[in-house]
Structure formats: structure tokens, C-alpha cells
Amino acid sequence: MARGGENAAAAKAARRLAAAGVEIVALAMVDNAGVTLVKCVPLHRFEEAVRFGIGLSPVFSVFLVDDSITSSPHLGGPTGDTRLMPDPAAAMPLAASPGWALAPVDQLDQEGAPYPACARTFARTMLERLASFGLELRGAYEMEFFLGHRTSGAGDEDPHPAHPGPAYSAIALAEVEPFATVLIGALEEQGTGVMQFHPEYSTGQLELSVPHGTGIAVADTNLVLRHTVRAAARSHGLVASFAPVVFAGLVGNGAHVHLSLWNKRGRNVFNGGRGPEGMTREAEAFTAGVLDALPALTAVTAPSVASYQRLQPHRWSGPWAVWGRENREAALRFVTGMVGSRPEAANLELKSMDAAANPYLALGSIVAAGIDGLEREMALPEPVLDDPASIPATRRRALGIRQLPSSLGAAIRELERSSLIRNAMGDVLFDAFLATRRGELAVFGGMDPAEMVRAHRWRY
Ligand code: GLU
Ligand code: MG
């Protein structure tokens, strides 16, 4: 955007935020460990921040989830600066945090050029590439989280869940209703919106779906949603955890991404075609590209050592590198929606993802894989409609059904081999991300499951 346009957009956003009662803006980005970092400015400094940014060391690109620091061939050490440039149009007042707004940022260098390890810039670049195929992505992250009371002391004790189940029950809802009132009210008031909310399967677990957004807003909303959940929890003396697993041995928290692609004629290409389950050729090729890249994508979508306590069979976490209509064990579940609603509703759900993932890196990498499918005009194999775990191993092999990597180490090996993701991210971002994954494997890899869960429980 030309400087004049940028200033006008900043002034317009500042007026909009002021009208909503905002006094302070949290500039937010997600690091390569999946942790959302913030720097806050009073509203009267917001326009200046849009023009010149707020400083942040490049070293945060190689931060690990425990706040220790690694290095990559390009990054590490005390020198240098990046500028956090808030996106004025994306700044969102936070109704559960009176006086506050959250503004997602792009990172630039001090000369005004894109910082090569900026995850949001990466995702936007991939979405722009997708646009060159005449396709616009719409979607949303569907977030599961634990809600409960954090016990006092060192914080190592198990938290008390806010509901005891039964799964999906009105009994569980009754326990969390005042929290849900604040949460849903705030999301509706601030314009994020709510599709649905329910008590989930695991102890203290809840799930929230929000209306589908367009392009980079899919990832921006993920940050807003999490912060709103935390604020609503705090207002009732509760805490939320988006960690992949909150109790060792129990079902974990997913952060499934739902996406559809819309062509220039305003049609959802996941419906109305002659391909499998009504997909068009474009939707099929995109899906086939994602399917093909799933093993390499796993380090991005399930990036924590703890992710692999969740990504197991019989947890509906999508641990199998297959696709199938409404198959909840498949990493790619194809959702057609009900007859009559399909032109709007048909979408692809990637289930092999949890909230340790950086939502920008995940979105960008999934789109990069889909573009690869489009470029190679790939076709889908037969769908898998059974539970892969129930198919005898020899037959599974004959059918080409593979399980996704079942540990961070195995996922890293798949990522290292992926020229697709390296080329899409560029060396600086790819090597920094890889360094953080290797770093976390070294720090946490030797822990027993319960210790590993405790080390991550309050980090996401
Ligand atoms: N909790 C499951 C997961 O870890 C997902 C359950 C569902 O299908 O919503 O992804
Ligand atoms: Mg769920």
C-alpha cells in the first residue's frame, strides 16, 4: 500500500477502535514455537506504529516453547531488529477485555522490506499465489480447549476441570454456562461470531467453531479467539489451555482447519463438480496435493513433542494419511454438509492439527501443498471410509494406507526431506522453524508422558 493509503487506513482504524472504547492495542504475532507474542501500545501511538512499527529482536524466530533460545544458519544472537507492523484493517476490539484491541502484525526489516522469517507474510504470499489460480480460500480453525481451575503452588499439579462430563452433555454445559455466556457474547459483539459451542469429549474440554473468514483472516481470527477464551475464563477465575494434551492418556485438543476454495464466479469448488464426492477438478487437485504432503506437513501442524500424545488412533485426531467423506480418523475429512446446503457448506477439514501449531505457518504450508496439487493436476486415490486401525496391517499396506509420523522426531525427518515446504517458506523461515523443532525435541524428547504434558500445559 502506498504511504498515503497506509496513513489513511491507520487513521480510519484508530477512529474505529476509539469508537469501540479501545485504549490499548496489543500487537500480536506467533513465533515458531506456536506461542503468541505481544507488544502493546496506547491507542494514540497506534498510527505511528502502523507507519514505523515496534521493534522486536529476530531472535524470537528461534525461541523454543520453554523460552530457551536456539539458533539457525541465519538467525540467533543479540544483534538486529525487526519491525512489528500492525495490520490496521485487521485490528479487532476485544469485547471480553474492555479497553483492549488485538492487531496482528507483519514483520519488516528496518529498511521496510519483508522480514524473511515472518510467518504471516509467508501465509499471505501463499494465498496470493492461490489467487493466481483464480481461487480464494475461506475457512476457520475449529478450536478445542481445556477449561478449569489452576491449582496454586508451582503449577505442576493437575488442574481441576471446569466440567466433569458426560461428554457433550447438558450437565457439563450447566457447569460452564456463565463462562459460555461471556465468551459467546464477546465473540458476537466484537464481530468474530460463533457458529457453535459445545462441551467436548475430554475432561474439562470445550469446543468453539466460528464463521469462516477469508484469506489471512482465517489465521488472524485464531489469535483473537484464543485471547477471547482466555479473557472470558479469567473473568470467572478459570484458566484455559489449548495444549495438545492436558492430561496424559486422555483425548487431546484439536485445532482442525476447515477450508473451501471459491472461484472467480463466486462458486465453492468443493461442490458441483464431477470429481469425487462432487469436488471439481480444482478441488480434487488441491486436496490431492495436501494429501501427498501430509507426512511433511505434520511437523508444522503438530509441531510439539506433546502433539504426538494426541495424534494417535481412536482419538478422532486424524492420525492417518488418508482422505474420506466424514471419516473422523482420516487426516483429511471431507465434509459435504446437508443436501441443499452443499454449495455453501462443502469443505475440507484437516484434523491432524493442534493449537501448538503456528496458525500462519500451518495455513501457508497447507496452501503451498494444495498449490503443488493444482500445478501437478493431481488426482485423489480412493477414499478410505473405514477406520484404518481396524484394517489388518498387511491389507493396509496393500491399500497404501500410512499412519502420519507418530513422534516429533519422525515428523522432523519428513519435514527435512520436503523441498516443497522449504521452497515455499524460503530458507530463512524454514531453517528457523526446523531449528526450533529440533531444539524442542532435544529439550523434551526424553521426558515421560506425564512430565511432557506438564511442561506444555500452560504454554499454549
Ligand atoms: N479431540 C479430537 C482431536 O484431538 C477431535 C474430536 C472431534 O472430532 O471434534 O482432534
Ligand atoms: Mg471436536
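The values are calculated or read from the model by the stated rules, or taken from the named source; none is laboratory data. Note that the structure is a prediction, hence the values are computed from the model and not measured. We place every Cβ from the backbone using ideal geometry, glycine too, and count neighbours over all the protein chains shown.
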Can you name every residue in the stretch 88-118 that is touching a residue at least 40 places away in the same chain (Cβ under 8 Å), closer than 16 Å to LEU56 by Cα and not aliphatic (A, V, I, L, M)?
PRO104, GLN107, TYR115, PRO116, CYS118
If we scan the stretch 261-281, do we find a residue that is closer than 30 Å to ALA455 by Cα, touching a strand residue (DSSP E or B) at 6+ places or on another chain (Cβ under 8 Å) and surrounded by fewer than 24 Cβ atoms within 10 Å (Cβ to Cβ)?
no
So for the stretch 29-37 (the condition being free of Cβ contacts under 8 Å to residues at least 60 places away in the same chain and either surrounded by fewer than 22 Cβ atoms within 10 Å (Cβ to Cβ) or hydroxyl-bearing (Ser, Thr, Tyr) (or both)), does at least one residue qualify?
yes
Go through the stretch 161-194 and count every residue that is in a helix (DSSP H, G or I) and within 14 Å of ligand 2 (Cβ to nearest atom).
1
Which listed residue is more than 13 Å from ligand 1 (Cβ to nearest atom), closer than 30 Å to PRO178 by Cβ and not basic (Lys, Arg), from THR221, THR280:
THR221
With the structure loaded, tell me whether ALA174 is modelled with pLDDT of 95 or more, surrounded by 19 or more Cβ atoms within 10 Å (Cβ to Cβ) and closer than 28 Å to TRP458 by Cα or whether it fails that test.
no
Within the stretch 318-369, the residues that are within 13 Å of ligand 1 (Cβ to nearest atom), of a type in the set (A, V, I, L, M, F, W, C) and assigned to a loop (DSSP other than H, G, I, E, B) are MET353, ALA355, ALA356, ALA357
Here's a check for you: in the stretch 187-216, which residue that is of a type in the set (A, V, I, L, M, F, W, C), surrounded by 20 or more Cβ atoms within 10 Å (Cβ to Cβ) and farther than 11 Å from TYR141 by Cβ is nearest to ligand 1 (Cβ to nearest atom)?
LEU206
Strands (runs of 3 or more DSSP E) lying entirely in the stretch 37-132 (those with 3 or more residues that are farther than 30 Å from GLY445 by Cα and touching a helix residue (DSSP H, G or I) at 6+ places or on another chain (Cβ under 9 Å)):
82-86, 100-108
